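Colleague: Have a look at this one.
The values are calculated or read from the model by the stated rules, or taken from the named source; none is laboratory data. Note that the coordinates shown come from a computational prediction; the quantities given were computed from them, not determined experimentally. Glycine gets a Cβ as well: all are built from the backbone with ideal geometry, and neighbour counts include every protein chain shown. In case anyone asks, the SASA skips ligands and DNA or RNA and just uses the protein heavy atoms, side chains included. Shrake-Rupley method; radii C 1.70, N 1.55, O 1.52, S 1.80 Å.
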Amino acid sequence: PRDNGFTIISNTTVKEITYNDWSTRSGPVQHSVTLLVTPKIVEEGRRHFNCSTLEGVEIENQGGPGTMRSHWEERMFENEGMTGFISLHGAFSRLTFALLEDSGWYQVDYSNADQLVWGRNSGCGLAAGSCGGFINSQLQENEPITPFCNYLNSPSITQVGCTVDRAAKSYCNLRDYGFEIPAEYQYFNSGANFNSSSADLSTIGGDFSAVDYCPFQRAFSNGICSDPNNDRGSGIDNIRAETYASGSRCVEHGGIWTATD
C-alpha cells in the first residue's frame with residue numbers, strides 16, 4: 001500500500017523495537033533497532049545464533065541513505081556479503097538466501113550458501129543485545145568473547161591474533177579516540193590490558209563505528225593467509241615460520257616458535 005506516494009511497509013515484514021537493557025559501562029540504556037521479521041529470516045536468524053526467542057534480524061542503523069536500513073547490521077554479521085561495508089571473504093549466507101526466498105521472487109538452494117562464522121551459535125546475548133553485554137557475560141562464564149575482543153593496542157604494542165574465520169592475521173581494533181564516543185557505545189570499565197586508572201573509558205571503542213563501536217579482530221593488509229604475495233620465504237625475515245598459500249589458515253598459539261635443524 002501507499003500513502004501520499006510513499007510505500008507503507010507492513011509490520012509483518014519490518015518492525016521497530018527498543019531494547020531497554022542495552023548494556024553499557026554505565027548500566028543498561030535504551031537502544032532502538034529495526035528488524036526484518038519475515039518467516040524464513042527469523043528461522044535462519046534463530047538457527048545461526050542458536051537463539052530460539054529471536055524476534056527478528058537487525059538491519060543497519062548507521063551510514064548514509066544507501067546503507068542505513070538496506071543492509072544487514074554490521075555488528076551482527078560483519079563479513080556477510082549483504083552488510084553495507086566490504087569485508088574480507090564476504091559470505092552470502094543462508095540468511096541472505098532466506099531474504100531472497102521471503103521476497104517471493106526467488107526459489108533458493110540453501111546448499112549453495114556460504115558458511116558464515118561470525119556470530120554462529122553465540123546465543124541471544126549477541127543476537128539481541130550490545131557487544132558490551134555479550135563480552136561481560138562471556139567473561140563471567142570463562143568463555144571466549146569471539147567475535148569481539150578487548151585488547152587496547154597502541155603504536156608501540158600490537159597483539160597479533162586471527163580473524164574470526166581464521167582467514168587472516170589480525171589485531172584487536174579497540175582504540176582510544178581521544179574524544180568521547182556516544183554513551184550507548186561506551187562498553188568498557190576494563191579490558192585485557194587496561195582499566196579506569198590507565199585510560200579514559202569514555203573515549204575507548206572499536207575503530208569502526210558501523211559495528212556500533214564494537215572491537216573485533218581486524219585483518220592486517222598483508223596478513224591474508226591465502227595470498228602467496230604475503231609469504232616471507234624461509235630466511236630470517238620469516239621468524240614465525242609462516243606460509244601463505246591457497247590452503248593456509250591463521251592459527252593462534254601460546255608459545256614461541258623454536259627453529260631446529
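Colleague: Could you grab me the full set of residues in the range 14-28 that are surrounded by 18 or more Cβ atoms within 10 Å (Cβ to Cβ) and without any contact (Cβ under 8 Å) to a residue 40 or more places away in the chain? I'd like the intermediate steps shown before the answer.
Modeller: Restricting attention to the range 14-28, the residues satisfying the condition of being surrounded by 18 or more Cβ atoms within 10 Å (Cβ to Cβ) are 22-24.
The answer is none; no residue qualifies.
Colleague: Please go through the range 49-73 and give me each residue that is among the small types (Gly, Ala, Ser) and surrounded by 14 or more Cβ atoms within 10 Å (Cβ to Cβ), ordered by number.
Modeller: Gly56, Gly63
Colleague: Could you list all residues from the range 75-112 that are surrounded by fewer than 16 Cβ atoms within 10 Å (Cβ to Cβ), among the hydroxyl-bearing types (Ser, Thr, Tyr) and assigned to a loop (DSSP other than H, G, I, E, B)?
Modeller: Ser103, Tyr106
Colleague: Still on this model: Which count do you get for residues in the range 207-223 that are crowded, with 21+ Cβ neighbours inside 10 Å, at negative phi and in contact (Cβ under 8 Å) with a residue 60 or more places away in the chain?
Modeller: Total satisfying the criteria: 7.
Colleague: Which members of the range 39-54 meet the condition of being under 17 Å from Arg75 (Cα atoms) and small (Gly, Ala, Ser)?
Modeller: Of everything in the range 39-54, just one residue is under 17 Å from Arg75 (Cα atoms) and small (Gly, Ala, Ser), namely Gly45.
Colleague: Another question about this same structure. For the subset of the range 68-82 comprising residues that are in contact (Cβ under 8 Å) with a residue 24 or more places away in the chain and over 22 Å from Gly133 (Cα atoms), which member is nearest to the chain's Cα centre (by Cα)?
Modeller: The residue in question is Glu80.
Matching residues to (1) among the β-branched types (Val, Ile, Thr); (2) within 24 Å of Pro182 (Cβ to Cβ); (3) at pLDDT below 95:
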residue	(1), (2), (3)
Cys51	no, no, no
Gly63	no, yes, yes
Arg69	no, yes, yes
His89	no, no, yes
Ser93	no, no, no
Asp102	no, no, no
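Colleague: Being open to solvent by 30 Å² or more (accessible area, probe 1.4 Å), touching a residue at least 40 places away in the same chain (Cβ under 8 Å), closer than 19 Å to Ser137 by Cβ and touching an Asp or Glu at 6+ places or on another chain (Cβ under 7 Å), is that true of even one residue in the range 29-37?
Modeller: yes
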